[in-house]
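Coordinate-derived values only; no laboratory data. Because the structure is a prediction, the values reported are computed rather than measured. A quick note on method: Cβ atoms are made from the backbone with ideal geometry, for glycine too, and the neighbour counts reach across all protein chains shown.
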Amino acid sequence: MSDRMVGRRIGPWSNVTLTALAGRIDPSRTHDVYVTSPDDKRAPYTRNEELRSFLLLTVVMAPALTGVIIVGYGFLVWIFQMLSGPPTGG
């Protein structure tokens, strides 16, 4: 990213500057990484919220997605074998 682009705003509603995106975060403007618009003044996520999200993803969503993928593949094999017949040894 060129130096003349650094520090410019991305859009009229965005409070994130190209400085943050270029990896050159100005310590006085670090809040720009979290704030998406001038009206949105929420604090960054807390440790409890991050822990709850991590547990939801690892304990619930990852096994559920894995199960859906395995069941979907089994269903496709079953449908294929219904149409083409069982596999033969030769």
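Order of T88, T66 from fewest to most other C-beta atoms within 10 Å?
Neighbour counts put them in this order, fewest first: T88, T66.
Running Debye on the range 45-90 with equal point scatterers at the Cα sites and no solvent, what base-10 log of I(q)/I(0) appears at q = 0.19, 0.31 Å⁻¹?
-0.69, -0.98
Which FRET efficiency, nearest 0.05, do I70 and A43 yield, Cβ-Cβ r, R0 41 Å?
So, using R0 = 41 Å, E works out to roughly 0.55.
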